[in-house]
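Okay, structure first, notes after.
The values are calculated or read from the model by the stated rules, or taken from the named source; none is laboratory data. Remember, predicted model here, so these are calculated numbers, not experimental data. The accessibility values were calculated without ligands, DNA or RNA, using every heavy atom of the protein model including side chains. Shrake-Rupley method; radii C 1.70, N 1.55, O 1.52, S 1.80 Å.
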Amino acid sequence: MTLHFLEQVSEADTIEDVWVALCDKMAEYGFDRLLYVYTRFKSGSSLGDPKDSIVLSSHSSEYIDGYINESHYINGPMLRWSVENVGACSWSWIQTIPEETLTIGERKAMEFNKEMGVIAGYTIGFKTDSVRNRGGIGLTACPGITQSEVDATWERHGREILVMNNMAHLKIISLPYTSSRRALTARQREVLEWVGEGKTMQDIATIMGLTTATVEKHLRLAREALDVDTTAQAVLKASFQNQIFILDS
């Protein structure tokens, strides 16, 4: 069964395909709600603008509205753990944190999770090759499953669960994504690709059969879509998000 999952992930063409396969597989181990977050724009203690992150969830919209949109995630102790560590951590770790050291924000995040039935589970922090990149996933156990039962499951199957989540993560970050911002058009992608190749405005206009004014318009719209100030930043962000130099389906 694990081999079948890995084949599904390796052959997936979209992030959605990977996510569905991962959610289905994790449900077999008793985890019915998953929350994955990945950013390439971490700076210090900030994870950057959530609009530039990949956020995947199988939680209810009510939970996401509170946890993400009301910024409880910023103060979640397990998110803090995943930002600072690599590997897997039982949510029993929270019980080891001295209560007097918790901030008001952390207490509110923990109270919110308790109210929403996000009580037992595991968090995985993914290995990265850059100080700007950070990713993690929270695996929430089905209602009625205790943390001790989750820990027992992890004792038996933790290694394979960890491998499958790592493989899914590596596949996800290799695929194009647009987060919640406006997607680039084919023309915007093409002009950014030519800029990335070192071509001048006149070169690009000649190659694409356009005027330089039209090329600049596509670049301006690309900068707006990516919410950056310069074309160099647009090329970098589009590259990070795998939006350029991709095969059209």
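Placing one equal scatterer on every Cα of the range 114-249 and applying the Debye formula, the log10 ratio I(q)/I(0) at q = 0.09, 0.11 Å⁻¹ is -0.45, -0.59. Placing one equal scatterer on every Cα of the range 51-120 and applying the Debye formula, the log10 ratio I(q)/I(0) at q = 0.13, 0.14, 0.19, 0.27 Å⁻¹ is -0.38, -0.44, -0.84, -1.51.
Using a 1.4 angstrom probe on heavy atoms only, work out the carbon and sulfur share of the accessible area of the chain in %. Summing carbon and sulfur atoms, their accessible area is 52 percent of the total for the chain.
Across q = 0.09, 0.10, 0.14 Å⁻¹, the chain modelled as identical point scatterers on its alpha-carbon atoms has Debye log10 I(q)/I(0) values of -0.46, -0.55, -0.95, in the order of the q list. Dividing the radius of gyration of the alpha carbons in the range 180-233 by their Kirkwood radius gives 0.95 for Rg/Rh.
The stretch between residue 186 and residue 131, if pulled fully straight at 0.36 nm per residue, gains 16.7 nm over its current Cα-Cα span.
Principal axis extents of the C-alpha atoms in the range 137-203 (largest first, rounded to whole Å): 65, 23, 12. Couplings for the range 16-21, taken from phi via the Karplus curve 6.51 cos²θ - 1.76 cosθ + 1.60 with θ = phi - 60°, read 4, 5, 5, 5, 4, 4 Hz in order; Gly and Pro are left as x. Applying the Karplus relation 6.51 cos²θ - 1.76 cosθ + 1.60 with θ = phi - 60° to the range 126-131 yields 3J(HN,Hα) values of 8, 5, 9, 10, 8, 6 Hz, where x marks Gly and Pro. Taking only the C-alpha atoms of the range 33-173, Rg followed by Dmax gives 14.4, 40 Å.
Computed with a 1.4 Å probe over protein heavy atoms only, the accessible surface of the range 1-144 comes to 51 Å² per residue.
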